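Have a look at the structure below, then the notes.
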Amino acid sequence: FSYISEGGVPSLVLPKRRGPERAAGAGPGRGLVGGVGEAPPTATAGPGRLSPGCQTGSHSGGRAQLLLRCRLVCSLWRDLIDLVTLWKRKCLREGFITEDWDQPVADWKVFYFLRSLHRNLLHNPCAEEGFEFWSLDVNGGDEWKVEDLSKDQRKEFPNDQVKKYFVTSYYTCLKSQVVDLKAEGYWEELMDTTRPDIEVKDWFAARPDCGSKYQLCVQLLSSAHAPLGTFQPDPAMIQQKSDAKWREVSHTFSNYPPGVRYIWFQHGGVDTHYWAGWYGPRVTNSSITIGPPLP
């Protein structure tokens with residue numbers, strides 16, 4: 001940990017980590033928003049959950065814990081770590097803001113760590129790993145299936161990185177995923193005091209030759225899994241011989257109650273003609289992100 005000055009502007013250099021990477025989802029120290037506290041227990045990620053995004057989140061959490069402890073060393077270090085110019089400069093260097101950024105930021109330190117943690121918290125959103133990480137809550141008809149986007153469909157889809165989708169059948173098919181916020185690096189004081197925006201997105205499409213019904217439900221849950229916020233739009237009814245275009249549904253949770261520890265995401269649907277096979281709505285590219293997006 002060192003302090004340098006570049007052109008009269010103070011800067012903070014955090015030490016590089018040594019040794020092996022921590023397990024994905026290792027939580028950061030508590031108290032960045034509130035008081036200084038002990039680090040929460042390390043959360044264990046399930047088999048196969050270690051990903052570059054999770055490693056980034058763990059690294060950011062470790063740096064937050066380091067800073068909290070460094071603030072206690074002396075008043076000079078405390079004042080340096082709390083310096084607005086320092087965190088604004090770091091955000092600029094890492095591309096979190098642009099030179100002409102003019103949006104108000106309540107706490108640049110918190111903003112920096114939120115941006116460091118920012119990623120899609122849903123695992124396997126585009127079916128690249130089959131049904132890994134998903135719970136098949138209702139698996140009716142000929143059951144859930146993974147299919148490839150055709151060449152024409154790839155041209156129409158707004159994200160050229162998406163190659164596959166999940167497809168439903170003639171009886172209801174629903175699948176879900178639960179996001180453990182502490183395991184993903186979002187400590188309790190951050191969620192309870194800052195309460196950063198939580199943005200949810202999903203993409204769905206019907207087949208042109210069959211009608212279908214698409215549905216989505218997302219809930220913010222407490223530590224006891226009690227709902228603290230719900231987004232559940234009316235089911236989308238798509239008629240036969242529709243344009244079959246991909247459509248996005250999105251929602252942002254803001255000013256939600258304190259105590260959010262998990263996010264439950266469930267989507268799916270059914271074809272409305274009860275044809276054998278996979279003629280229900282297709283879903284892919286689902287996402288849950290927290291905090292300010294990149295400029």
Cα gyration tensor category, rounded, prolate or oblate, for the range 109-177 with a/c compared to 1.5:
oblate
Largest first and to the nearest Å, give the Cα extent of the range 154-281 along each principal axis.
50, 30, 22
Give me the net charge for the shell around GLY268: Cβ to Cβ below 10 angstrom, other residues only, Lys and Arg +1, Asp and Glu -1.
+1
Qualifying aspartates and glutamates (Cα of each under 12 Å from Cα of LYS241; at least 8 residues distant if same chain)
ASP209
Listed residue pairs exceeding 30 Å between alpha carbons, taken from LYS88/LYS182; LYS109/LYS245; LYS88/LYS175:
LYS109/LYS245; LYS88/LYS175
Count charges around LEU149 for me, please; just the other residues with Cβ under 11 Å from its Cβ, Lys/Arg as +1, Asp/Glu as -1.
+1
Between LYS245 and VAL105, what FRET efficiency follows from the Cβ-Cβ distance if R0 is 41 Å, with the result rounded to 0.05?
0.65
Relative contact order for the range 201-251: what is it in percent, counting Cα pairs under 8 Å that are at least 6 residues apart?
53 percent
Length gain on complete extension for the stretch GLU94 to SER222, per 0.36 nm per residue less the alpha carbon to alpha carbon distance?
42.8 nm
In the neighbourhood of ASP160 defined by beta carbon distances under 12 Å, the net charge of the other residues (Lys, Arg +1; Asp, Glu -1) is +3
With label points built 7 Å along Cα→Cβ from the Cα atoms of SER254 and ASP82, find their separation and express it in nm.
2.9 nm
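Throughout, read-outs are computed from the coordinates displayed, never taken from laboratory work. Worth saying up front: this structure is predicted, and the values here are computed from it rather than measured. Every residue, glycine as well, gets a Cβ built from its backbone with ideal geometry; the counts of neighbours run over all protein chains shown.
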